[in-house]
1. Inside region 26-69, can you point out the residues that are part of a helix (DSSP H, G or I) and open to solvent by less than 10 Å² (accessible area, probe 1.4 Å)?
2. Determine whether Lys17 is out of contact with any Asp or Glu (no Cβ under 6 Å at 6 or more places or on another chain) and open to solvent by 80 Å² or more (accessible area, probe 1.4 Å).
3. When you look at Val15, is it under 9 Å from the mean Cα position of the chain (by Cα) and closer than 15 Å to Met1 by Cβ, yes or no?
Amino acid sequence: MYKLDCTALACPMPVIKLKQALHHQQDENAFIVLLKDKGGLRDIPAFCQQQKLHCELLAQAPVIEFLVCRKKESLCR
């Protein structure tokens, strides 16, 4: 599982960083994305839907945390 800390970034940078991580971490199936910008609550799921990725909101406070997986049927944890 690859952890992507985007807490210091404002949208759309977390989406860009996730896109880069998906490209550079080809062997990883699951990604934890951490962010503070509330725009990510909309942007990360929208990007995942567009890319056909599984996206699950794990936490909203104090840090927004998403679990993103390449395959919906995979066990991401």
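1. Hits for region 26-69 are Gly40, Ile44, Cys48.
2. Against the criterion (out of contact with any Asp or Glu (no Cβ under 6 Å at 6 or more places or on another chain) and open to solvent by 80 Å² or more (accessible area, probe 1.4 Å)), Lys17 does not qualify.
3. In short, no.
The values are calculated or read from the model by the stated rules, or taken from the named source; none is laboratory data. Nothing here was measured: the structure is a model prediction, and the numbers come from that model. Backbone-built Cβ (ideal geometry, glycine too); neighbour counts: all protein chains shown. For accessibility, only protein heavy atoms count, side chains too; no ligands or nucleic acids. Shrake-Rupley method; radii C 1.70, N 1.55, O 1.52, S 1.80 Å.
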